[in-house]
Amino acid sequence: MNVKKIMSIFQSFYVDVSIEELTLTLPISFVKKFEYTQMTFHKESFLLIKEKRRGSLSSFVTQARTMGDKANMDVVLVFSKLSDGEKKQLLQARVPFVDFKGNLFFPPLGLVLNANDTEVPKELTPSEQLTWIAFLLPKGQKVVDVDLLSQVTGLPNSTIYRCLRTFKALYWLNKQNKLYTYTVSKKELFLKSVSCLFNPIKKRILLPDGDIKQIKSVSNLLYGGAYALSHSTFLAETDENTSYVIWQRKFNQLSLPLS
């Protein structure tokens with residue numbers, strides 16, 4: 001691995017890092033396939049990993065995360081060169097990377113730095129948003145309960161862990177001794193995440209109270225929007241009028257003489 005080249009790329013963006021050798025006990029297949037070393041930035045360690053011979057990008061990401069879990073460090077993938085398509089894949093998956101052409105995605109900097117001004121996707125994926133909301137709503141311990149999140153969301157533990165890695169990369173969660181924790185209130189976390197949440201509501205209709213009562217008589221209505229959060233939790237505060245949500249299909253099936 002060209003350590004001097006990697007350091008020069010970080011230094012070109014006025015980022016001071018140190019790199020030193022690291023020994024891990026790995027399967028022989030990993031030893032033959034990857035080069036790795038340890039990088040330190042602001043007293044936090046990262047595992048730099050480079051394939052000795054390029055293979056499948058998705059396989060590289062999966063195996064690198066396995067190595068990172070074993071070393072108890074976040075990983076940064078190293079490449080000689082990346083195509084625009086590969087950069088887009090890594091950015092969408094929020095996988096940190098650096099290549100010898102000067103492209104860099106390093107979450108602690110809060111930036112993507114490259115010649116094409118590629119931006120980091122800000123919006124959470126549906127699985128990430130579902131997991132994040134399921135985490136925010138209940139009161140609980142300061143340690144994230146992965147099994148409980150899996151039960152509530154119906155997502156497998158592997159997906160939950162992927163989501164948690166994203167939240168850590170966004171500095172919403174911390175990771176200590178393989179456990180995900182948080183130190184600020186959930187309300188503060190919610191406010192931090194608002195700009196990354198997508199709105200699943202596709203259409204809004206203003207109805208008089210009489211019509212809403214008719215719909216309630218034949219279908220369950222849930223509170224929606226910021227009102228739902230202010231009504232059911234302390235995550236948000238709003239003076240907006242009561243709003244409800246209903247599936248578009250269910251609304252279309254209603255056969256009521258609405259005003």
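Can you tell me which of Leu26, Leu77, Leu47, Leu82 is buried (at least 16 other Cβ atoms within 10 Å of the Cβ), assigned to a loop (DSSP other than H, G, I, E, B), touching a residue at least 24 places away in the same chain (Cβ under 8 Å) and not assigned by TED's automatic domain parsing to the domain that holds Thr166?
Step by step, each of Leu26, Leu77, Leu47, Leu82 is checked, and only Leu26 is buried (at least 16 other Cβ atoms within 10 Å of the Cβ), assigned to a loop (DSSP other than H, G, I, E, B), touching a residue at least 24 places away in the same chain (Cβ under 8 Å) and not assigned by TED's automatic domain parsing to the domain that holds Thr166.
Does region 1-18 hold any residues that are in contact with a strand residue (DSSP E or B) (Cβ under 7 Å, 6 or more places away or on another chain), crowded, with 16+ Cβ neighbours inside 10 Å and part of a helix (DSSP H, G or I), and which are they?
Hits for region 1-18 are Ile6, Met7, Ile9.
The values are calculated or read from the model by the stated rules, or taken from the named source; none is laboratory data. For clarity, every value in this text was computed on a predicted model and none was experimentally measured. As a convention, Cβ positions derive from the backbone with ideal geometry for all residues, glycine included, and neighbour counts pool all protein chains shown.
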